[in-house]
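**Q** Here you go, one structure.
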Amino acid sequence: MALINYAKKEITCKIVYYGPGRSGKTTNLQYIYSKLPEDRKTQMISLATEMDRTLFFDFLPIELGQIGQYTIKYQLYTVPGQVYYDSTRKLVLQGADGVVFVADSQYSRFDDNVENLENMDENLKKNNLSIDEIPVILQYNKRDVIDLIPVDKLESALNKREWESTEAIAISGEGVIHTLKIISNLVLTSIKDKYSRKVR
């Protein structure tokens, strides 16, 4: 749920990057962070687990709009990739305003993608959020691998709700900012629908 700071006239939205381990969630955030002007971001924080890590930082987008006189600020988070860190994944999803599901395009990770999407649905429910109501975008990452799953097969398996989807090669930055713009705009539209009356 977006946080409204009436004194500063800011609305802070939370976007969570979800998906299998090593699918490119951290790489997405690191690329975005590297491209933001210094005065538009806070320090990136990494919370390391034994096998994985969770990253987050705040940033103030340059031209993603306002609601009334309120500036929109975003917090970007990743979840740990391994499903056995489920309690941390559930905690990170708490209060999310939008989700980027980062799918791994390698055939060897096909089942991991399906399992993690189901896990995301379960953890949203545990946070009283609905996968059918929260803005979600699918990012098909690693489109440069040799054992590449065709997009239509990924769509058939993962996109039964007909979310927007993008292709990416996060390690080179291809598709990363495009994905962020789409989810940011989806979240902004959703927030406007919910909060426009409260912040006039």
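The values are calculated or read from the model by the stated rules, or taken from the named source; none is laboratory data. Just so you know, these numbers come straight off a predicted model, no measurement behind them. Note that each Cβ is placed from the backbone with ideal geometry, even for glycine, and that neighbours are counted across all protein chains shown.
**Q** Which of the numbered conditions does Val102 fail, given that it passes all the others? Conditions: (1) more than 17 Å from Lys14 (Cβ to Cβ); (2) β-branched (Val, Ile, Thr); (3) not in a helix (DSSP H, G or I).
**A** Looking at each condition in turn, Val102 falls short on (1).
**Q** OK, next. Mind listing whichever residues of segment 2-12 are surrounded by fewer than 16 Cβ atoms within 10 Å (Cβ to Cβ) and in a loop (DSSP other than H, G, I, E, B)?
**A** Answer for segment 2-12, where residues must be surrounded by fewer than 16 Cβ atoms within 10 Å (Cβ to Cβ) and in a loop (DSSP other than H, G, I, E, B): Tyr6, Ala7, Lys8, Lys9.
**Q** From Val102, Val176, which residue is buried (at least 23 other Cβ atoms within 10 Å of the Cβ), out of contact with any strand residue (DSSP E or B) (no Cβ under 7 Å at 6 or more places or on another chain) and under 21 Å from Leu36 (Cβ atoms)?
**A** Val176
**Q** OK, next. Whether any residue in segment 161-173 is part of a helix (DSSP H, G or I) and more than 13 Å from Tyr18 (Cβ to Cβ) is what I want to check.
**A** For segment 161-173, residues part of a helix (DSSP H, G or I) and more than 13 Å from Tyr18 (Cβ to Cβ): absent.
**Q** Out of (1) modelled with pLDDT of 85 or more; (2) charged (D, E, K, R); (3) in contact with a Phe, Trp or Tyr (Cβ under 9 Å, 6 or more places away or on another chain); (4) surrounded by 15 or more Cβ atoms within 10 Å (Cβ to Cβ), what's the single condition that is false for Arg22?
**A** (3)
**Q** Another one. Mind telling me which of the residues Asn128, Asn113, Asn185 ends up being part of a helix (DSSP H, G or I) and at pLDDT 95 or above?
**A** Asn113
**Q** Any residue that is modelled with pLDDT of 95 or more, more than 30 Å from Lys9 (Cβ to Cβ), aliphatic (A, V, I, L, M) and in contact with a Lys or Arg (Cβ under 7 Å, 6 or more places away or on another chain) - is there at least one of those in segment 148-170?
**A** yes
**Q** Thr88 versus (1) among the hydroxyl-bearing types (Ser, Thr, Tyr); (2) modelled with pLDDT under 95; (3) buried (at least 20 other Cβ atoms within 10 Å of the Cβ); (4) over 13 Å from the mean Cα position of the chain (by Cα): which is the lone unmet condition?
**A** (3)
**Q** Still on this structure, please answer the following. Name the pairs: first residue in segment 1-12 and at positive phi and modelled with pLDDT of 85 or more, second residue aromatic (Phe, Trp, Tyr) and in a strand (DSSP E or B), Cβ to Cβ under 9 Å, at least 6 apart or on different chains?
**A** Listed by first residue and then by second, the contacts come to Lys9/Tyr70.
**Q** Only one of Ile15, Ile32 is modelled with pLDDT of 90 or more, assigned to a helix (DSSP H, G or I) and hydrophobic (A, V, I, L, M, F, W, C). Can you tell me which?
**A** Exactly one residue qualifies, and that residue is Ile32.
**Q** On to the next question. Looking only at segment 176-194, count every residue that is free of Cβ contacts under 8 Å to residues at least 24 places away in the same chain and under 16 Å from Gly24 (Cβ atoms) and tell me the total.
**A** Adding up the residues that qualify gives 1.
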